[in-house]
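Step one of this worksheet: look at the structure below.
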Amino acid sequence: MLVDRRTVLAGAAALALAPRMAQAAAEPSLARIAQAKGMCFGSTMGLRNFLDPAYRQLNASQCGLIVPETEMKWVALRPDARTFDFAAADRIVDWATSNGMGVRGHTLLWHSERWMPDWVAKHDYGPDPRKEAERLLTEHVATVARRYADRIDSFDVVNEGIDPDTGLLRETALSRHLGAEATIDIAFRAAREAAPRAELVYNDFMTWRADDGRHRAAVLRLLEGMKTRGVPIDGLGVQSHLGSKYSDAPTGLGQVDERAWRAFLDEVVGMGLNLLVTELDVHDNPLPTAIEVRDRAVADHARAYLDLMLSYPACKTVMCWGLSDRYTWLAGSRPRPDGTPKRPCPYDADFRPKPLRAAIAGAFGARPMHG
Ligand code: XIL
């Protein structure tokens, strides 16, 4: 059904595109190219960039899936312990579905104190804090998952549960009462109950970089534990913010360890889990100023990465964390040493396709047909 609606609406969207995008629109969309290989392509939209009609159009023309950037996180949905504010999330979900796109939910729990609203730490957990923490968490997950259960096929249930430096599970106000493992388990069980047909994903930013072994090992331990405990999990979201760890490598995009990465992915799919590329972009901080050189390096890096990821039949979803450099979240932190704008996305700040766009299309096109 999704596909049929898309086909009709893609035509309408293409007609409405501004002239400078017309040529790009004549080419098959990334969603279409992905779909031909049994895959889904999409990107994130946050309310700030969602309000730009030309950007909405670019997304509608290229994506089969949309994921709200912030609007479904606790910080956006929960002004306090009693209230839910779905206005912004609903706007994005309604727009995406009425334009024939699917939606991913992100995230039912960002298991990181830094990204939870302050009130969660200040909340009065009363005489039985464990019970109150469980009530709060379950109520949140169930309310959000149930609200969108008929429109969202896949949820990032828990985001970034591990401290990559120590390899230990993070602690939050909730987990201090419940235990970190139990917090994660409760979130997944509540999600399954509220949205029984949705794909439930653990999402994290471990990478293929040589210096990321501790994080990979910790993610495997977490997933194995969940499987052993019978926790309902269907997939691993590999965020895929590519580039060097703190974007300060003197040159290049950081050293990768393909063997270690494949060994990691083999273990994950060996557990029967799907693999999702959930937040693809390439941080270009360490790359030279010259745009052609920079864009080429970004595209080549992503192409090699996607070829590897797409060699896994279990990898059927690829999402970018923003389509255009105009709205990349990376612009807000760690400026490039030369002060020029970053170029981590498949389209430039004027919504013109870049080599990264061709690299993504090329990787989809080259994907082997997996059964
Ligand atoms: C980022 C958003 O892009 C920002 O706008 C927001 O302020 C912070 O979060 N990993 C994730 C995403 O899982 O939720 C993050 O999104 C980017 C890193």
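Taken together, the values in this text are just the output of simple stated rules run on the coordinates, not laboratory data. Treat the numbers as computed from the prediction; the structure is a model and nothing was measured. Quick reminder, even Gly has a Cβ in these numbers, built from the backbone with ideal geometry, and neighbours come from all protein chains shown.
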Subject >> Among Pro286, Gly237, Ala210 the positive-end extreme of the charge dipole of the range 207-342 (Cβ point charges) >> reply: Gly237
Subject >> Lysine pairs in the range 22-366 with Cα atoms under 18 Å, if 8 or more residues apart or on separate chains >> reply: 4
Original post:
What nm value, rounded to one decimal, do you get for the distance between Ser311 and Arg262 when each label is placed 7 Å out toward the C-beta?
Top reply: 0.4 nm
Original post:
Put +1 on the Cβ of each Lys and Arg and -1 on the Cβ of each Asp and Glu in the chain; which of Val141, Leu174, Tyr55 then has its Cα farthest toward the positive end of the dipole?
Top reply: Tyr55
Subject >> Ala290 paired with Asp94, simple spin-label distance in nm, labels 7 Å along Cα-to-beta-carbon >> reply: 5.0 nm
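Nearest 0.05, what FRET efficiency do Asp118 and Ala54 give at R0 = 25 Å with Cβ-Cβ as r? Could you put the intermediate results ahead of the total?
On the way: r = 36 Å, r/R0 = 1.42.
After rounding to 0.05, the efficiency reads 0.10.
By the scheme Lys and Arg +1, Asp and Glu -1, what is the net charge of all other residues having a beta-carbon under 14 Å from that of Asp234? Please report the intermediate quantities before stating the final value.
Numbers: positive: Arg104, Arg189, Arg192, Arg197, Lys227, Lys316; negative: Asp153, Asp156, Glu199.
That works out to +3.
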**OP:** Compute the long axis of helix 180-194 from its Cα atoms, compare it with the longest principal axis of the Cα atoms of the chain, and write down the angle in degrees, 0 to 90, nearest 10.
**Re:** 70 degrees
